Amino acid sequence: MRPNSPESRSAGFTLLELLAVIGVISVLLGIGLGYLGKTDPLMIANSILSGERRAAQMTARAEGVPTEVWVRPGAVAQAATVQARLLEPVVTFHFEPNTPVLDERMRPELSGDDVAAGRFGHARRPMEDDKDALVHWAVSPQIADVRDGFLIRIDLFLEQRKSCVVIDMDPLLELRLDSDLRPDARIRLSVLGGGTELKTMQSALSMPLHRWATLEIGCDGTSMWLAVDDREYARVDAVGAPHQTPDMIMDVSPLSSPVPGIVDELRFMVFGFSPAQLLPIELQPIRPFRFTYDKRGDPVDVPTIVYEDLEAGQ
């Protein structure tokens, strides 16, 4: 093909055509930036807040736990922030044989007898000749930071009325059942001043016998609770951060007081704040504002945010 043939000329853009395209793009970009620059800061703030509130509601509905969203003023010359307090999964123990893990720190040591027909597949039953707890797992702070709160759910099929320890996580948590299968719990919190405080609670209701049930223990820094099959059995005030140590171990159904039945899936979750979203710098709340939602995701407290610059302009 000759250099000056029509085919060669149509194979690409000329310099003039490229300059024309660049010019059009520059004009469009300038229009877009000008539009964004004129966008109402309050509209941007409301859009950010709506996204975080939606995330909190979705977490509440999916996991059946209360959630919240915080709007906090920024420091001097810094933007205010919006954060949703969400529930994040850490690990789930399914007890299926040869389950692969991405990180060996997530693999527990197991004892007991393999029960092929559990609630969701394979499960575990304590045996008299066990050498260790049914589940033995190192709760590394790098894997599970519980200081903002935690939630544990475990599926149990109880075969007799007998006291036992369901979960021992010294020094943070002991979850027990008494001889009538009523759950009780002890949680140690780090409190203001540098000390710790042990909080206790006990249910007046018993867990069912000879059927599967999900036992839940949770602590969110303001209260702790017990629930069975999504029904709350007990709740007490518990203000403080769950007390975690670097060498903490979780033992499920320890040898000293094993669960009288079968244990299936265990789910471990922690509370944490989403990455901070920055509000427009010109909008500063006069104080922190907190939006709260119940475990169904329904609003409990929906404050009206007052901004300093809007107040000054009135």
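Rule-based calculations on the coordinates, nothing more; no lab input. These numbers were taken from a predicted model, which means no experiment stands behind them. Every residue, glycine among them, receives a Cβ derived from its backbone with ideal geometry; neighbour counts consider all protein chains shown.
Distance from the C-alpha centroid of the range 232-270 to that of the range 106-166: 9 Å, rounded to the whole angstrom. Taking Cα atoms, how many degrees apart are the long axis of helix 15-37 and the longest axis of the chain, rounded to 10 and kept between 0 and 90? For 15-37 against the chain, the angle is about 60 degrees.
Within the range 177-197, what residues put their amide N at less than 19 Å from the label point 7 Å along the Cα-to-Cβ vector of Leu209? Residues 177-184 fall inside that zone. Counted without the sites themselves, the longest stretch of the chain free of GluC sites (Glu not before Pro) in a DSSP loop having at most 15 other beta carbon atoms within 10 Å is 1-127. The modelled label-to-label distance between Arg161 and Ser190, using points 7 Å beyond Cα along the C-beta direction, is 4.2 nm. Rounded to the nearest 500, the 222 nm mean residue ellipticity of the chain from helices alone is -5500 deg cm²/dmol, with -39,500 (n - 2.57) taken per DSSP H run of at least 4 residues.
So if a site counts as exposed when it's one of the trypsin sites (Lys or Arg not before Pro), its DSSP state isn't H, G, I, E or B, and it has at most 13 other Cβ atoms within 10 Å, what's the longest stretch of the chain without one? The partial results should precede the final answer.
Details: sites that count: Lys38, Lys131, Arg211, Arg296.
Value returned for the longest uninterrupted segment is 39-130.
Extension gain, Ser179-Ile44: 0.36 nm per intervening residue step, less the Cα-Cα distance, totals 42.9 nm.
Which of Gly240, Leu209, Gly112 sits farthest toward the positive end of the charge dipole of the chain, with +1 on the Cβ of Lys and Arg and -1 on the Cβ of Asp and Glu? Of the candidates, Gly240 comes out farthest on the positive side. Note on the range 114-155: Kirkwood radius taken over Cα pairs, Stokes-Einstein applied at 25 °C and 0.890 mPa s, translational D equal to 187 µm² s⁻¹. You can think of it this way: the chain between Glu96 and Gln78 has 1.5 nm of extra reach, that is 0.36 nm per residue less the Cα-Cα gap.
With contacts taken as Cα pairs under 8 Å at a separation of at least 6 residues, the chain carries a relative contact order of 26 percent.
Could you work out the local net charge near Ile143, counting Lys and Arg as +1, Asp and Glu as -1, over the other residues with Cβ closer than 10 Å to its Cβ?
Values: positive: Arg105; negative: Asp103, Asp145.
Neighbourhood net charge equals -1.
Placing unit charges on C-beta atoms (Lys and Arg positive, Asp and Glu negative, everything else neutral), compute the dipole magnitude of the range 86-273 about its Cα centre in debye, rounded to 20. Show your work: numbers first, answer last.
Numbers: 19 positive and 32 negative charges, 81 e Å.
Using Cβ point charges on Lys, Arg, Asp and Glu, the range 86-273 gives about 380 debye.
Rounded to the nearest 10 degrees, the angle from helix 41-63 to the longest Cα principal axis of the chain is 30 degrees.
Ordering Pro126, Gly297, Ser223 by Cα displacement along the dipole of the chain toward the positive end leaves Gly297 in first place; charges were set at the Cβ atoms of Lys, Arg (+1) and Asp, Glu (-1). Figure legend: label point modelled 7 angstrom from the Cα of Glu197 along Cα→Cβ; residues of the range 226-266 with amide N under 20 Å from it are 226, 234-245.
Once Rg and the Kirkwood radius are both taken over the C-alpha atoms of the range 33-167, their ratio Rg/Rh works out to 1.16. For the range 161-314, the Kirkwood radius over C-alpha pairs fed into Stokes-Einstein at 10 °C and 1.306 mPa s yields D = 86 µm² per second. With the convex hull drawn over the C-alpha atoms of the chain, the volume per residue is 241 Å³. Computed about the Cα centre, the dipole magnitude for the chain is approximately 760 debye when only Lys and Arg (+1) and Asp and Glu (-1) carry charge, each at its Cβ.
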